[in-house]
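Everything below concerns the one structure shown next.
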Amino acid sequence: MTQPAVPRIQLNDGFSIPQLGFGVFKVDPNETERIVSDALEVGYRHIDTARIYGNEAGVGRAVADSGLPREELFITTKLWNDDQGTQSAFDAFDASLDRLGLDYVDLYLIHWPAPANDRYVETWRAFEQIRESGRVRSIGVSNFLAPHLERLIDETGTVPAVDQIELHPQHQQPETAAFAEAHDIAIQAWGPLGQGKYPLLELPEVTDAASTHDVTPAQVVIRWHLQRGHILFPKSNRRERMAENFDVFGFELTSAEVDAITALEREVRVSSHPDEMN
Ligand code: NAD
């Protein structure tokens with residue numbers, strides 16, 4: 001099968017990332033190898049996992065079994081809140097790399113700022129050292145709001161390559177996105193389909209565009225993210241949906257359709273507020 005060319009987003013550190021990938025939050029560790037192997041066969045080359053998902057080993061086995069050249073893949077993992085600190089971050093990174101069975105990861109993220117613990121700046125300095133060791137190419141953060149980003153940059157001078165935040169049409173975090181854009185931090189949209197928890201895929205702004213382009217509502221929402229410049233990695237355990245979510249390069253939303261979906265903002269979040277997740 002000929003693979004569509006997935007656009008790449010240039011990061012502020014010179015590396016680039018495939019704009020569309022595959023996420024494995026809530027993918028059962030026992031099924032991860034099969035599910036990620038399916039995703040790689042469908043054509044995904046960018047996989048987003050985390051220590052807390054408990055499925056890094058399955059991702060690593062699927063990568064190894066695929067026989068794909070390492071440089072064709074982009075693998076992200078994340079440091080969990082309990083592991084923030086200096087030595088604890090070094091140890092957590094070594095353990096993640098070991099479970100993944102890789103020599104390096106493409107992107108390592110602080111999963112949440114966990115501000116009550118006040119260790120994210122210290123953790124970020126540890127991330128700088130891990131990057132210097134050559135075992136991670138890019139370092140970034142997740143669920144950081146503008147004040148957290150500002151403090152990291154002020155105290156360390158190192159600008160994260162990405163901020164991975166909850167972002168879907170009904171929760172777009174415009175302040176965080178504007179801060180990121182002003183500092184050349186790429187936005188990764190997690191929960192891009194609203195985790196299927198809200199009737200996002202049934203809203204007329206989405207279903208009308210789907211009818212017009214003869215595609216599915218999920219494809220419309222993925223296309224909206226791509227056209228807004230977000231990096232995203234929708235998740236599905238089902239191979240037919242993986243293929244559907246990847247088949248989004250044969251049509252384009254008009255600017256009026258993009259604007260109508262952008263106007264769906266309702267500040268509806270599916271997860272905890274970043275200041276309260278410690
Ligand atoms: P998502 O928005 O990708 O939603 C996934 C759900 O949407 C599926 O379980 C399914 O119910 C539904 N779905 C998928 N494809 C569909 C289709 N074609 N048609 C209809 N329904 C469909 O939510 P997510 O998994 O939470 O987010 C994607 C990835 O983001 C995760 O897998 C993970 O890698 C990452 N993530 C990161 C954080 C963080 O704190 N950094 C938090 C959550 C998720």
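Computed from the coordinates by the stated procedures, all read-outs in this text should not be read as laboratory data. Because the structure is predicted, anything quoted here is derived from the model rather than measured. Every residue, glycine as well, gets a Cβ built from its backbone with ideal geometry; the counts of neighbours run over all protein chains shown.
Straight distance only, please: which lysines reach the Cα of LYS197 with their own Cα at less than 22 Å, same-chain residues fewer than 8 apart left out?
LYS26, LYS235
Among DSSP beta bridges whose residues both lie in segment 1-131, state the antiparallel percentage, nearest 5.
Beta bridges within segment 1-131, antiparallel portion: roughly 25 percent.
Okay, helix-only estimate at 222 nm for the chain: each DSSP H run of n ≥ 4 adds -39500 (n - 2.57), divide by all residues, round to 500 deg cm²/dmol; what do you get?
The helix contribution divided over the chain gives -12000 deg cm²/dmol.
Considering only the other residues whose Cβ falls under 15 Å of the Cβ of ASP214, what net charge follows from Lys and Arg at +1 and Asp and Glu at -1?
-4
Show log10 I(q)/I(0) for segment 1-108 at q = 0.23 Å⁻¹, two decimals, from a solvent-free Debye sum over equal Cα scatterers.
The Cα Debye sum returns log10 ratios of -1.33.
Quick check on segment 145-278: take the gyration tensor over C-alpha atoms, sort the square-rooted eigenvalues as a ≥ b ≥ c, and tell me if it's rounded (a/c under 1.5), prolate or oblate.
Since a/c reaches 1.5 and a/b is larger than b/c, the shape of segment 145-278 is classed as prolate.
To check you understand DSSP bridge types, tell me what percent of the beta bridges within the chain (both residues inside) are antiparallel, rounded to 5.
Here the share of antiparallel DSSP bridges comes out near 15 percent.
Going out from 0 in 10 Å bins, what whole percent of all Cα-Cα distances in segment 127-200 drops into each bin?
Distribution as computed: 19, 45, 26, 9, 1 percent.
Give the residue list of GluC sites (Glu not before Pro) in segment 12-44 that are DSSP loop and have at most 16 other beta-carbon atoms within 10 angstrom.
Sparse-neighbourhood loop GluC sites (Glu not before Pro): none present.
Say the dipole of the chain comes from +1 at the beta carbon of Lys and Arg and -1 at that of Asp and Glu; which of LEU264, ALA89, VAL36 then lies farthest toward its positive end?
VAL36
Arranged by the count of other C-beta atoms within 10 angstrom, fewest first, what order do GLU205, GLU72 take?
Lowest count first: GLU72, GLU205.
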